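*Asks:* Structure incoming, see below.
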Amino acid sequence: MLTLNQLDKVYKTGTFGTSDLHAVRQVSLDVQRGEVVSLIGESGSGKSTIGKMVLHLLDSTGGTITFDGRDVTKLGFRARRDYYRKVQGVFQDPFSSFNPIYKVDRTFETLRQSYFPKVSGGEWRSRLEDALAAVTLEPDDILGKYPHQLSGGQLQRLLIARALLLDIELLVADEVISMLDASTRIDVLNLLGELKGRGLGILFVTHDLSLGNYVSDRVVILYKGRVVERGDTSAVFDDPLHPYTRDLLASVPHLDRTWEEVEAEEAERTRRLAGRCLYHEAAAAQGRSLGEEAASAEGSAPGEVPDGVGLVEYAPGHFVGCFRKAAEAPCPAA
Ligand SMILES: Nc1ncnc2c1ncn2[C@@H]1O[C@H](COP(=O)(O)OP(=O)(O)OP(=O)(O)O)[C@@H](O)[C@H]1O
Ligand SMILES: [Mg+2]
């Protein structure tokens, strides 16, 4: 349904926009109907930038985004409205998604006028009440208020209610759980599960590994704007291949294992992988010539693993990038 291919984003920064900040580097991933794909990475790894490009709130600087085969990187006004009927987002900072001078009921009335002009006021009110009930909000507590009079968690749930009303096909959920307390959190997670059951695709953005593990069918691990590993959630969590994924997983407390067990397991992996890069090994086994790929990628010296080219299918459906991670952990094979 949604496919990102070699998506890139360079921000212009500095006083005169003279410096480049390469926030997203040749990211490829896809989300199908009825599945949750988690985009996991630490703060600043480019998750929200990707989400915003999918939602057409930011222009990409390279690559394509297609939705049902159609390129959505360049949409005209009408096409954009059709797109938003199918694709919506819920953000980390929900306040920015609301018009601060409109009370909530007016915001929803605008939604009716834009998307469902034929639906009567009474019918709309009952749909709205159903949608609010689904996100455990009381209409009377909410509708007559301005956004600043509501909590972050309430605003996030309102955005989900909005998505429900539009009956969308893809939801970009960017740290949606972050503002919710424990009991609401589980309600919203269950709601997302229900939406998935109805065939909705969800791109779930999070820095929280356990949440990613809990909700998703597949995960994409992002490091400094680049995908370093992706695959079925169980494959990635049970057998993390990339050193960065392993570091991430090793840093989460495990309820079912002692610290010593985790340490021993990690030491064993490190020993097994010493001096190896699974990306290079798999590519060689598949007969791919990295030198040629590198030479064809702009700005890369022959023999060097270029950005974005570096993902190979190490095991069925389980992709890994080059172990070159950062200066402190160079790829042993590069
Ligand atoms: N509008 C902008 N202009 C310039 N740089 C930006 C802009 N928005 C984000 N960045 C930079 O791009 C990089 C990626 O930011 P992004 O918000 O996508 O990260 P993130 O993974 O969502 O992080 P977090 O988990 O903290 O939300 C960061 O270095 C950030 O400082
Ligand atoms: Mg973010």
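Every read-out reported here was derived from the displayed coordinates using simple, explicitly stated rules and does not represent laboratory data. From a predicted model like this one, the values you see are computed outputs, not experimental measurements. For neighbour counting, all protein chains shown are included, and Cβ atoms are generated from backbone atoms with ideal geometry for every residue, glycine included.
*Asks:* Could you work out the equivalent-ellipsoid semi-axes for the chain, taking the square root of 5 times each eigenvalue of the Cα gyration tensor, largest first, in whole Å?
*Replies:* Sorted largest first and rounded, they come to 39, 24, 17 Å.
*Asks:* For a quick check: sort Ile101, Ile168, Ile50 by the number of other beta carbons within 10 angstrom, fewest at the front.
*Replies:* Ile101, Ile168, Ile50
*Asks:* Dividing the alpha-carbon Rg of segment 193-261 by 2.2 N^0.38 Å yields what?
*Replies:* With N residues counted in segment 193-261, Rg over 2.2 N^0.38 Å equals 1.19.
*Asks:* Give the long-range amide H neighbours of Leu58: residues separated by 5 or more places, or on another chain, with amide H under 5 Å away, using H modelled in the peptide plane at 1.01 Å from N.
*Replies:* Met53
*Asks:* Which listed residue (Ala284, Met179, Phe91) has the Cα farthest towards the positive end of the charge dipole for the chain, taking +1 on Lys and Arg C-beta and -1 on Asp and Glu C-beta about the Cα centre?
*Replies:* Positive-most Cα among the choices belongs to Phe91.
*Asks:* Give the percent of DSSP beta bridges with both residues in the chain that are antiparallel, rounded to the nearest 5.
*Replies:* Antiparallel bridges make up about 60 percent of those DSSP assigns within the chain.
*Asks:* Hey, another quick one. Dipole of segment 19-155, Cα-centred, from +1 at each Lys and Arg C-beta and -1 at each Asp and Glu C-beta, to the nearest 20 debye?
*Replies:* The calculated dipole for segment 19-155 is roughly 540 debye.
*Asks:* Further question: Based on the alpha-carbon set only, what is the convex hull volume of segment 4-129 divided per residue, in Å³? Spell out each step's value before the answer.
*Replies:* Details: hull volume 20.6 nm³, N = 126.
Hull volume over Cα atoms, normalised by residue count, gives 164 Å³.
*Asks:* Then there is this: If you take the square roots of the eigenvalues of the alpha-carbon gyration tensor of segment 104-173 and sort them as a ≥ b ≥ c, do you get rounded (a/c under 1.5), prolate (a/b over b/c) or oblate?
*Replies:* oblate
*Asks:* Apply the Karplus curve 6.51 cos²θ - 1.76 cosθ + 1.60, θ = phi - 60°, to the phi angles in segment 126-131 and return the couplings in whole Hz, x for Gly and Pro.
*Replies:* Ordered by residue, 3J(HN,Hα) equals 6, 5, 4, 5, 4, 5 Hz.
*Asks:* While we're here: For segment 150-239, which trypsin sites (Lys or Arg not before Pro) pass both filters: DSSP loop (anything but H, G, I, E, B) and at most 14 other C-beta atoms within 10 Å?
*Replies:* Hits after loop and neighbour filter: Arg198.
*Asks:* Mind putting a number on the dipole of the chain about its Cα centre? Charges go on the C-beta only, +1 for Lys and Arg and -1 for Asp and Glu, and I need it in Debye to the nearest 20. Please report the intermediate quantities before stating the final value.
*Replies:* On the way: 38 positive and 47 negative charges, 264 e Å.
For this selection, approximately 1260 debye.
*Asks:* Mind putting a number on the dipole of segment 103-197 about its Cα centre? Charges go on the C-beta only, +1 for Lys and Arg and -1 for Asp and Glu, and I need it in Debye to the nearest 20.
*Replies:* 280 debye
*Asks:* In whole Å and largest first, what semi-axes does the C-alpha gyration tensor of segment 12-69 yield when each eigenvalue is scaled by 5 and square-rooted?
*Replies:* Those come to 25, 14, 9 Å.
*Asks:* Separate question: What number, rounded to the nearest 500 deg cm²/dmol, is the helix-based mean residue ellipticity at 222 nm of the chain, given -39500 (n - 2.57) per DSSP H run of at least four residues and division by all its residues?
*Replies:* Rounded to the nearest 500, the figure is -11500 deg cm²/dmol.
*Asks:* Let me ask something else. In terms of modelled amide H atoms, which long-range or inter-chain residues lie less than 5 Å from the amide H of Gly89?
*Replies:* For Gly89, whose amide H was placed from the backbone, the distant partners under 5 Å are Val172.
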